[in-house]
Every structure is written in structure tokens, then in C-alpha cells.
1. Identify, please: which residue in segment A:271-302 is part of a loop (DSSP other than H, G, I, E, B), away from chain B (no Cβ under 14 Å) and under 20 Å from A:Thr171 (Cα atoms) and is, among those, nearest to the chain's Cα centre (by Cα)?
2. Within segment A:342-366, can you find the residues that are among the polar types (S, T, N, Q) and crowded, with 19+ Cβ neighbours inside 10 Å?
3. Here are the criteria: (1) buried (at least 20 other Cβ atoms within 10 Å of the Cβ); (2) of a type in the set (A, V, I, L, M); (3) in contact with a Gly (Cβ under 9 Å, 6 or more places away or on another chain); (4) part of a loop (DSSP other than H, G, I, E, B). Tell me which single one B:Val69 does not satisfy.
4. Determine whether A:Lys24 is surrounded by fewer than 19 Cβ atoms within 10 Å (Cβ to Cβ), of a type outside the set (Asp, Glu) and modelled with pLDDT under 50.
5. Which is more than 11 Å from chain B (Cβ to nearest Cβ) and either part of a loop (DSSP other than H, G, I, E, B) or touching a strand residue (DSSP E or B) at 6+ places or on another chain (Cβ under 9 Å) (or both), of A:Asp104, A:Asp95?
6. Could you list all residues from segment A:401-420 that are closer than 19 Å to A:Thr454 by Cβ, of a type in the set (S, T, N, Q) and not in a loop (DSSP other than H, G, I, E, B)?
7. Can you report the number of residues in segment B:358-388 which are in contact (Cβ under 8 Å) with a residue 40 or more places away in the chain and within 13 Å of B:Pro240 (Cβ to Cβ)?
8. Could you check how many residues of segment B:346-375 are hydrophobic (A, V, I, L, M, F, W, C), assigned to a helix (DSSP H, G or I) and in contact with a Leu (Cβ under 8 Å, 6 or more places away or on another chain)?
2 protein chains.
Amino acid sequence: MVVNDAGDGSNVVVGGDGDLDCSKLVWFKFYKEGGERNLSWSQIAATEAETVAAISCSGHGRAFLDGLVLDGTEGPVCECNTCYGGPDCSHFFPDCFADADGGDPLFLEPFWMQHAASSALLVAGWHRMSYSYSDQSSMSEELERHIRKLHAIVGNAATDGRYIVFGAGSTQLLNAAVRALSPENSSSPARVVASIPFYPVYELQTDIFRSVDFNFQGDTSLWKNNSDTGTEIIEFVTTPNNPDGQLNKGVLHGPNVKAIHDHAYYWPHFTAIPAPAHGDLMIFTLSKFTGHAGSRFGWAIIKDEVIYQRMLTFLQLNTMGVSRDTQLRTLKLLKVVLAGGGRDLFEFGHETMRKRWEKLNKVISMSKRFSLQKIAPKYCIYFQKIRGVSPAYGWLKCEKEEDKNCFAVLQTAANITGRQGSVFYAEDRYVRLSLIRRQDDFDLLLQKLNELITGEEGPKTM
Amino acid sequence: MVVNDAGDGSNVVVGGDGDLDCSKLVWFKFYKEGGERNLSWSQIAATEAETVAAISCSGHGRAFLDGLVLDGTEGPVCECNTCYGGPDCSHFFPDCFADADGGDPLFLEPFWMQHAASSALLVAGWHRMSYSYSDQSSMSEELERHIRKLHAIVGNAATDGRYIVFGAGSTQLLNAAVRALSPENSSSPARVVASIPFYPVYELQTDIFRSVDFNFQGDTSLWKNNSDTGTEIIEFVTTPNNPDGQLNKGVLHGPNVKAIHDHAYYWPHFTAIPAPAHGDLMIFTLSKFTGHAGSRFGWAIIKDEVIYQRMLTFLQLNTMGVSRDTQLRTLKLLKVVLAGGGRDLFEFGHETMRKRWEKLNKVISMSKRFSLQKIAPKYCIYFQKIRGVSPAYGWLKCEKEEDKNCFAVLQTAANITGRQGSVFYAEDRYVRLSLIRRQDDFDLLLQKLNELITGEEGPKTM
């Protein structure tokens, strides 16, 4: 069978790909008119991939094509979810810590398993070996076109008349932007700032490069009333913010202030989209949008040509652009997302996150000891209605005077690993709980919180 | 048909994959014992890839899965080789310049087309979405194991008791190495040097980072008799050298000298392997080994744990490691290479390069006006004999007093674009001619050189 939609042949993958795009239909037409033919050189690869996918790992783990192959075994090993083990991940470790730490966006994994047929990608051995595409650049024109289309459909960023560059995740672009916005050959390096609580990589990365052109200078508020306009200030503005999900706006203003708008989470999964973002320098990433953090793909949308050129030069000398394999895969994933105008992905993403937030809120609302951040529901131009709140993280506060280290409270009292508030330069009275991990992680987090809060001395007065 | 070897079903791909490795046989066995089944969700991807591969582009171009799709056309456009055009690349432009400029290693493209079945890769939509592998690292253990096996088989580097890190091509690793070898918090930044002629990225990259910890300081020879051992010196040692193919050794010695051994070309394609390289910090890349420059994958082999950790930290904060898609593809390619102990690839690579060098030498030897670098044939421990010389580049010299700009001579007299000697910090009396590009490029280069040299005033006295 030449063309065969998903959902009927695999032990693991269940899905209905009703969303094949037009280009696919053209291919099918081409095939049907030309008569069916047996596929040839692609079949070993297809067999391998389907064989690995058919390893079920008890629903609590995953086998991958590049997983370890142990001596004496036939295929790659099962890689078990947190708190599961054994050769087929069927063993649950009850004393295990619930992991609410990292920002791995694996809540989207089931979406891609449901869209197995349309999102699978076959890479030929000779695919894009060159340093450059046919226009001599290191960026796929076709991918750029799809990114512009994506923003037009979602309505989360203005791209008209703006430039786009690709990076190895937003990580590489954050620093490329700092460099491009820093003055050249100035005696005073640019001050790089962000508003507490903020994503720690802003500081760690700025520090490790030890550039003569810029320095990290801490919290934005320190520079609010500063009248020294001789020194450039670069402000990281994170919308929605990591860790607390707020739709931050730039704090500093003036001719010497430049902003880097980090929109990693500005997708309908995590927030209402009140209007298209239109900052002069905006950064997006695949990681929190499709969930493919491992692919290391991000893009920046840039208004000013000089800044665009400076970023491009740096990205070229840093890594000679982004892996063409990653660009190919990103294109494939975007095609799946765009096929239904984004509905499939964003409804899946938003529903999953909204339900998790509701459940978390319900548990925490029973407690006197803990509280969560408040986020106001807003009208979303993508869904064209006011949608339920659905942040990526719970920004949990320990309300008791003596609970100064909320991370430790959760660790010792409930076997929960969050991320300390101080990691985000906030008080340790706060702890970030990741809501975007695998369902197993979330379920365990909720269960442990439930146990902890049910054990409190009576419910909170409502 | 579930399993179907290559070579019979495509218009483009001709090949006999006689080199399937054992793990593949295990899969086949598994399938046969379990009974054949129709493949399901992988088939759209397989059909797309085979359909694109079947677009022949007249043998002077290539269509890619992520190629531009023009309005009104059904599939991606043909991307034509230099000097070819038209919708199917059948049109040859006779006045076109022969391109011997860039280092695109496309001489290896036919190898991968011949190994279509074993090198094809099917990536599932949910493959490796996480930031980390199951050991919490950002590097595939299975890939590292294959890299160590590769060096053991080829004999070109010692890996026992050494650490390995991955980077986005050698490009990212070069700077990661400079950083890791630079002193921390020293008042005098490390001096970064290289021996002329050298790969220009060493300087361009060191400059663009504008670090307080290191500066590029030009040619190694300036520091040969320097007795200032208070300042760290980092020497790039390129073996074989780009552009001239010589097996360079480190020039500077002393307690304050550290070397970065760039072994991008230290493969049997380009040089005899006299002995395993065993520098303290060695850098390799996929680009010139399998020819997949677009994949952006390289690795460093490091003796000292502290240096390894420093590189790892930097790579993490720069890009959060290398794309997992790229790591998966690299693993697949390495499996193909390793299947026959490397024979297939290295014999193909060496034969292609040796023949090109012979042809180039034959033409140049008829000229009084030009000469090529001399490289002595050496015993190769991989091939276990003395092998013909086969460098990646011709380092051409204009011998006439008045031909001070050899690049311009080739441009105006022969419509050949090489790369100026001054790009490598050498005299412009030299020009680098790339021998590793597509066959079309090499054929045209040879033809234009032939015409130029045949037109000289009589042959050189032998």
C-alpha cells in the first residue's frame, strides 16, 4: 500500500490524521495518476521507525530510534518516565519524588503521536549536505514563508516588513540579540537587565560570554529612575513571563533603552493572545510551541535591518546557522500545525494546560499554607473569545511566616521537586511548579499536593 | 513489501546496499518471525521522499523535500548545479564562471545516493522532544559510542580515557575550546594564534566574540621566540592544513602554550593517516568526513576533565547542546560508514579526491605560469599502504613576477573563481581551488584551466 493514513497499524500510535494539507493531496494525485508503485529505498527506515514505535513501554516510557541498545537485546531500551522503571517501565516507585522542576514541554507529545502520519519525516541520506540553500543563505526560504504564515494565522506577532533569522533555540538568539543591540567600540558596555522574577539564562548567558560590550546588571527596577542616557540599556521583556505567566511590558523607556521581547510562551496554549506582538526585536521558539525542545530551533523577528545583519553575522560565525536537518523537521511540523489553521494543536495545547491549571488551583485553594499567582482571563484574538487561564507554570507561594524556603517545604513534606524562587532572583518563599511535563509527572504532582494539603489542619476558610 | 533494498525502484537513486549492519538484520528477523505487516503511519513520509528523489533535474541539480514550491507547480523546484539552469537544470551556461571557491563537500553526495536504503532515516513526529536524553545530558550516549568506534576503526584519533563533547559543527567547538583554554579572571587575555596560511574563521570568530579573556594575535611565528610565559597562548594547529593540505604540527611550546588541534580533514579521503592523533584537545566534524556540512555536527576529544567541563557549560549556555535531530541523523550516517569497517566510504572518498588531484596536477604541470603545493605520499595505517596524495584543495601559486593577484588572473583569463590567498593571510600570489565540490564544478574547473594553459606560449620545459 503506497499511501496509508495513521491510526490502524501500530500498537502505540493512535491517531486520525484528518488534517493533511493540500500539498499532500497533490502528491497523492500524482501517485494515483502515475499508478501505484512499491516504495523501495525508504522501506528499511520506515520499518525501523514503526518497529521502535511499537515498543509500548507500558505507557510509562518511550523507546527511541537512537536509544541505547544493550548487549543481547534486539532493539533500543525503554526510557521510562519519572518514577517508573523496569525493562518495560511497568514498575512504579511509590517513594519517588514528583518532578515539577524542568520546563520540558512533553505535554505535547501525545498530540504528535495522534498525528503520526502527517508529522513523520523521511530524510534521504543525501538531503541538504551543502552549507547553503540555493539562495546562498543558511536559512530555508520555504521555512521562513511558513513561519510568516503561522504568525498571520495565530495573530501573535507582526511580521510584515520585518526580517527573520533562525537560531539554535531561543537560547542562541537571546545572546545574538544582546550582541546586536550593544554598542560597538563604546567605552561603556551596555547594561543588560530583566524584571524579577526572570528566566535565569538571561544572566548566566550574558555572564559566560564575558564580552567587553555588555554586562548583566540585575533587576530592571534599579534603573527605572536613572537619567544616565549615555549608557545603553538592554531590557529583557518576557511575555508571558517565565515563571509567573504575566503579560509583562517593558519597564524602561528612553532613547538609550532597547528591548528584547522573549515570546517563548506567547502561544494560545499558555495565554490569551490579546493582540499581535510588535516589538522591534521579538524571539520565538519551537520548544514551547510544538514541544520540540530537543530540536533546538528558534527565530527572531527584527524591525531594523542593521540589527538583523549583525545578528546574522554573529549566528554565522557562532554555528554557521541552524542545522538543515532541524530546519527540515521544523518545516514538517509547521505544515501539520498550519493544515487546520492551527486549531488541532492549539485546542489540544490549551485544553491540556487549562485542565491542569484548574486542577492545581482546586487543590491549592483548599490550603491556607500555599497560594498561586493570579492571572486575569483575557479576550484571545486567536480563539475569538475569553478563554480560561492556562499558564505553563504554577508560581507557588508559601504563605506561612516560617516557610521561608518553599522549595524545601515541598521537598521534605511532600516529596515534590519544584524550582527555587531564588533561581529566578525572587524570594525562596516562591517555588515554580512545571505544568508542561508528561501527564505522569503532572498526575504525581497533583497527588502529592493533594496528600500534603489534605493533611493540613483543617481546610482554609473560603 | 515490508523490507525492500534500494536500487530498483527510483529514477534517481542507483545503489547496492550490501552493507547493512547487524542491528538491521535483527530488525528484519523480528519482522519475519512476527509475520509481515503493512507499514502504516510512515508511508506518507516515505512516499514524499521517494517522489522528490525521483525528480531527476537532468543530473545537473537536485530537488529537496524542503525546496521551494512555486505557485501552480506540484512539487519542489529543481535546484541546479553551478552553471546549469532551466526548470529541469538541462540548460548549460557556457559563459558561466567555474566555481572553485567554497568548501562544500558535495563530492560525497553520490556516495549517499548509492547507499540510499541504509542511510534513509524516518523521524517520528514525537522523536526526542525533551531537552535531555535519559541520562539527563544533551548528548546521545549511543552516538558517542559510535564515534569512539569510528576512531578505533579509522585509527585517526586516540579516544581512550578522553572526554567527548558535541558541537554545532567544528565552528561552535573552535570558540568553545578557545574559551575553555583561556584563563579565568586574568588581567592579560590569552593570545590566540595560527600559522599562515590558516582558516580565516579562527580570527573572525575570535574577534566577533570580543571577550575580555582572549584576543586574536595573528601568525604563530611572531611568538616563536617570545619568552613571556606569563601570558597564555592558544595555538590553532590544523592537520591537514586548510588551505594547503600539509600535516602541520604545533610550532609553539612551553608551559603557557595550549593547542587546539583542528582535524576537520584528518580522514583517509584527504590524507594518509600516519598515526592516531593524540592532542590534548582535538576537533573533528561531520562536514568533511561524511560530507554533511549542512547538518552542523562536530565533536571535540578532550584529555583534561576541567577543560571538558568548561566546554560543556559554554555549549549548554550557547545553544543548549546540539539538535537532537542532527544527533539522530549523524548516528544513522555513522552506522552506514561503520557497517563495512569504513571501506566503502573511505575508498570512495579517497579515489575521488586522488583522481581529481591527479587531473589537476597533470594540467598544472603543463604550465610555466602556475604551480601547486607538493605533498609527500605517506604510509596510511588505515589503508595499510602508501596511498596517492589527495588533498581537499589545490593551493595554486602564480609564478610570474607580474601575477601578484592570482585570483584576478584566474578570474579574468579563465573565468574561474577561487579563493584569494589573502583570505588565508598569505600572499595574493596564491589562490585556493576547491576540489571537494560536485563533479560538475570540478569538471568545469579542469576544462577552464586546460583552455587557459593550452593557450600559454608553449609548454613548460619538463
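1. Among them, the one singled out is A:Gly279.
2. Within segment A:342-366, just A:Thr352 meets the criteria.
3. Here B:Val69 clears every test but (1).
4. It is false that A:Lys24 is surrounded by fewer than 19 Cβ atoms within 10 Å (Cβ to Cβ), of a type outside the set (Asp, Glu) and modelled with pLDDT under 50.
5. A:Asp95
6. A:Gln411, A:Thr412
7. 4
8. Summing the residues that are hydrophobic (A, V, I, L, M, F, W, C), assigned to a helix (DSSP H, G or I) and in contact with a Leu (Cβ under 8 Å, 6 or more places away or on another chain) in segment B:346-375 gives 6.
The values are calculated or read from the model by the stated rules, or taken from the named source; none is laboratory data. As the structure is a computational prediction, the values presented were derived from the model and not from experiment. Reconstructed Cβ throughout: ideal geometry from the backbone, glycine too, with neighbour counts over all protein chains shown.
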